[in-house]
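Taking it in order: structure first as structure tokens, then the write-up.
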């Protein structure tokens, strides 16, 4: 992927990576060769395995870094459902819309299948309020996608990567 938050993305700090391809050959690529895009890169193909990455971080004064971290943590606590386990933001932002707002407009906050719930704090998160299974989460994802499509004629995309389905 190309994880990001608060105006920065992983692509901003990657120098190069080594990865194993499907033939178990070790390859090395630079930042540009990662083909970064919004929440994606060439590694979305699931055939390659990154084994190491060199990052270039920007030096900054310790106090400035600390203040920025405190600001971001405060924002997360205010806006995200950190009191329950989750896979993080479940759906990608769309082109010209914020997916969580569409989900909210479908009145899905608090909607659940088993112990998998659409967060009441942020509709873009599916949280586990007990013993949610992967099946519960995936069924809930399908319901959310269908309801958003029915109301807005928009096909929303997952931000999380599903590996296996049980």
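Okay, residues lined up against (1) in contact with a helix residue (DSSP H, G or I) (Cβ under 9 Å, 6 or more places away or on another chain); (2) surrounded by fewer than 18 Cβ atoms within 10 Å (Cβ to Cβ); (3) in the same structural domain as residue 39 (by TED's automatic domain parsing):
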position: 106; (1), (2), (3): yes, no, no
position: 111; (1), (2), (3): yes, no, no
position: 114; (1), (2), (3): yes, yes, no
position: 120; (1), (2), (3): no, yes, no
position: 134; (1), (2), (3): no, yes, no
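Could you count how many residues in region 80-104 are touching a residue at least 60 places away in the same chain (Cβ under 8 Å), out of contact with any strand residue (DSSP E or B) (no Cβ under 7 Å at 6 or more places or on another chain) and buried (at least 17 other Cβ atoms within 10 Å of the Cβ)?
Of the residues in region 80-104, 0 are touching a residue at least 60 places away in the same chain (Cβ under 8 Å), out of contact with any strand residue (DSSP E or B) (no Cβ under 7 Å at 6 or more places or on another chain) and buried (at least 17 other Cβ atoms within 10 Å of the Cβ).
Just the residues that are touching a residue at least 40 places away in the same chain (Cβ under 8 Å), surrounded by 11 or more Cβ atoms within 10 Å (Cβ to Cβ) and in a strand (DSSP E or B), please, taken from region 7-20. Steps first, please.
Taking region 7-20 first, the residues touching a residue at least 40 places away in the same chain (Cβ under 8 Å) are 13-15.
Within this subset, residues satisfying the condition of being surrounded by 11 or more Cβ atoms within 10 Å (Cβ to Cβ) are 13-14.
Correct list: 14 only.
If we keep just the residues of region 21-59 that are on the phi > 0 side of the Ramachandran plot and surrounded by 10 or more Cβ atoms within 10 Å (Cβ to Cβ), which is nearest to the chain's Cα centre (by Cα)? It would help to see each step written out before you state the result.
Let us first name the residues in region 21-59 that are on the phi > 0 side of the Ramachandran plot, namely 24, 35, 39, 46.
Subsequent filtering for residues that are surrounded by 10 or more Cβ atoms within 10 Å (Cβ to Cβ) retains 35, 39.
Values: 35: 18, 39: 7 Å.
The selected residue is 39.
The values are calculated or read from the model by the stated rules, or taken from the named source; none is laboratory data. This structure is a prediction, so every number in the text was calculated from the model and none was measured. FYI the Cβ positions are ideal-geometry reconstructions off the backbone, even for glycines, and counts take in every protein chain you see.
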